[in-house]
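> Quick one: this structure, given as structure tokens, is what I'll be asking you about.
The values are calculated or read from the model by the stated rules, or taken from the named source; none is laboratory data. These numbers were taken from a predicted model, which means no experiment stands behind them. With ideal geometry, Cβ positions are generated from the backbone for all residues, glycine too; neighbour counts draw on all protein chains shown.
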Amino acid sequence: MKIIQVTDVHLGRQGERRYGADLHQRLASCIAHINVHHADAALCVFTGDLTETGAPESYAALRAALGALAVPYRLLPGNHDRRSNLIAAFPDNPVDDNGFVQSAHETDDEVLLFLDCLTEGRIEGELCEGRLAWLDARLAEAAGKPAYVFMHHPPVELGLPQLDPLALEQPRRLLDPLKRHGNVRHIFFGHVHRDIAGTVAGIPFSAQRGLHGRFELALDRPSEIVEQAPPSYAIILIDSANERVVVHGCDFLEQWPVYCAETGERLAPDAVRAIA
């Protein structure tokens, strides 16, 4: 199964530039790139901070942009979003019985679980008793089938003094049931605007830096610096039968000089397209 993960779109006003970037243009380029190279993906998951302020007009612009996406998509809220406005703009995007924007997507081989960890008006994430009960029930229904969790906030300290206090609060409340059920193979999230991978409670995780600017890699101090690094989305390859998960980062706007591996000769763009 191929899944695309896009995160931290931070869509604001049309024509607005944030840290030098037009995020509407960036989203359009991302969608166009996915359509050309990964239209065979089973799903495109947007892991939160879909908008900058949660304004209705931003969700309307997002809906218009996603009309061009050739892949089915699932939306999750982040701390910059507003749940009611997201639901109003995307009434077909699933919600649970309590109105949280979380859902499950089950195949013959695995189950994908999408969590809503938004706490309105706060940067930190939260999973209340209702959301945790929903997750526990879905994992029980999966009956040991491999499960993959998507969310916005990291449920783990990443060694980033600026960002760790703004992660999911009380992460053990999430990690303990994941360990107890024993079938969660990977956790995917955004929020930190960096590419990071590791394990927590024995479960592999990966973070995607997304479409917005990248936070400086500062391990020894808090930092307010934002780098305008290339935007990126993730290509996730899942083979549950062979217990394999591979995550590729795609810097879709980058155009580097290219060379023939056999001859060392620099290639013109037209020659690269001919070889491809």
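Conditions (1) in contact with a helix residue (DSSP H, G or I) (Cβ under 6 Å, 6 or more places away or on another chain); (2) within 24 Å of Pro231 (Cα to Cα), marked per residue:
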site: Lys2; (1), (2): no, yes
site: Arg17; (1), (2): no, yes
site: Tyr59; (1), (2): yes, yes
site: Ser84; (1), (2): no, no
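> Looking at Asp96, Asp40, which is the one that is farther than 24 Å from Leu178 by Cα and part of a loop (DSSP other than H, G, I, E, B)? Before the answer, list the steps.
On the way: Asp96 fails: farther than 24 Å from Leu178 by Cα.
After applying the criteria, what remains is Asp40.
> Hey, another quick one. Condition first: under 19 Å from the mean Cα position of the chain (by Cα) and not in a loop (DSSP other than H, G, I, E, B). Now tell me which residues in the stretch 145-174 satisfy that.
Selection gives Ala147, Tyr148, Val149, Phe150, Asp164, Leu166, Leu168, Leu174.
> Is it the case that some residue within the stretch 207-218 is in contact with a strand residue (DSSP E or B) (Cβ under 7 Å, 6 or more places away or on another chain), more than 30 Å from Val71 (Cα to Cα) and part of a loop (DSSP other than H, G, I, E, B)?
Yes - at least one qualifying residue is present in the stretch 207-218.
> Considering only residues of the stretch 171-195 that are crowded, with 16+ Cβ neighbours inside 10 Å and without any contact (Cβ under 8 Å) to a residue 40 or more places away in the chain, which is nearest to Leu113 (Cα to Cα)?
In this case the residue turns out to be Ile187.
> Sort out which residues of the stretch 247-272 are part of a loop (DSSP other than H, G, I, E, B) and surrounded by 12 or more Cβ atoms within 10 Å (Cβ to Cβ), and write them in order of number.
Within the stretch 247-272, Asp251, Phe252, Leu253, Cys260 meet the criteria.
> Of the conditions (1) touching a Phe, Trp or Tyr at 6+ places or on another chain (Cβ under 9 Å); (2) touching a residue at least 60 places away in the same chain (Cβ under 8 Å), Gly159 satisfies every one except a single condition; which number is it?
(1)
> Of all residues in the stretch 222-246 being buried (at least 18 other Cβ atoms within 10 Å of the Cβ) and either without any contact (Cβ under 8 Å) to a residue 60 or more places away in the chain or polar (S, T, N, Q) (or both), which is nearest to Leu211 (Cα to Cα)?
Going through the qualifying residues, I end up with Ser232.
> If His105 satisfies all but one of (1) under 26 Å from Ser84 (Cα atoms); (2) outside any loop (DSSP other than H, G, I, E, B); (3) of a type outside the set (A, V, I, L, M); (4) out of contact with any Lys or Arg (no Cβ under 8 Å at 6 or more places or on another chain), what's the number of the condition it fails?
(4)
> Hey, does the stretch 137-159 have a residue that's of a type in the set (A, V, I, L, M, F, W, C), touching a Pro at 6+ places or on another chain (Cβ under 8 Å), modelled with pLDDT of 95 or more and closer than 26 Å to Pro72 by Cα? Break it down into steps so the answer makes sense when it comes.
Initial filter on the stretch 137-159 (of a type in the set (A, V, I, L, M, F, W, C)): 137, 139-140, 142-143, 147, 149-151, 156, 158.
Still in the list and also touching a Pro at 6+ places or on another chain (Cβ under 8 Å): 139, 156.
From what's left, modelled with pLDDT of 95 or more: 139, 156.
Then drop every residue that is not closer than 26 Å to Pro72 by Cα, which leaves 139.
Yes, the stretch 137-159 contains at least one residue that is of a type in the set (A, V, I, L, M, F, W, C), touching a Pro at 6+ places or on another chain (Cβ under 8 Å), modelled with pLDDT of 95 or more and closer than 26 Å to Pro72 by Cα.
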